[in-house]
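Working notes, structure below.
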Amino acid sequence: MLEARGIPSHPDKVWSEVEGDIENIDRVIRITRIRVKYHLKIPGGKREEAERAVAIHEPRCPAATSVRGAIAIECSAEIEEE
């Protein structure tokens, strides 16, 4: 999604931090929430495109769609223009 908008997605330009909550629900251990924080270093003038890519990523992500309804997913991004 980033590359299609002219934003490089090399590992030194895009990375993420992921945290999750694990709870005991009715004596069954479950992952109940996942928080993903993207870190993006983008070319100047590409902020709008980067924000759009982040906004539409989760609904199209194979992993997210596989667990939708069972695990809450929160996505955010720290965007730095170079």
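The values are calculated or read from the model by the stated rules, or taken from the named source; none is laboratory data. This one's a predicted model, so the numbers in the text were calculated from it and none came from an experiment. Counting neighbours? That spans all protein chains shown, and the Cβs are built from the backbone with ideal geometry, glycine included.
Here are the numbers for the structure shown:
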read-out: Residue list for the range 17-69, filter: under 14 Å from M1 (Cβ atoms) and among the hydroxyl-bearing types (S, T, Y); value: Y38
read-out: Failed item, numbered, when H39 is tested on (1) in contact with a helix residue (DSSP H, G or I) (Cβ under 6 Å, 6 or more places away or on another chain); (2) not aliphatic (A, V, I, L, M); (3) not in a loop (DSSP other than H, G, I, E, B); value: (1)
read-out: Residue within the range 35-42 that is modelled with pLDDT of 95 or more and surrounded by fewer than 14 Cβ atoms within 10 Å (Cβ to Cβ) present; value: yes
read-out: Scope the range 16-34; condition surrounded by 12 or more Cβ atoms within 10 Å (Cβ to Cβ) and of a type outside the set (G, A, S); matching residues; value: D21, R30, I31, T32, R33, I34
read-out: Candidates E58, E74 - the one that is in a helix (DSSP H, G or I), of a type outside the set (G, A, S), under 12 Å from the mean Cα position of the chain (by Cα) and surrounded by 10 or more Cβ atoms within 10 Å (Cβ to Cβ); value: E58
read-out: Residue satisfying condition, being surrounded by 12 or more Cβ atoms within 10 Å (Cβ to Cβ), at pLDDT below 90, touching a helix residue (DSSP H, G or I) at 6+ places or on another chain (Cβ under 9 Å) and basic (K, R), within set R5, R68; value: R5
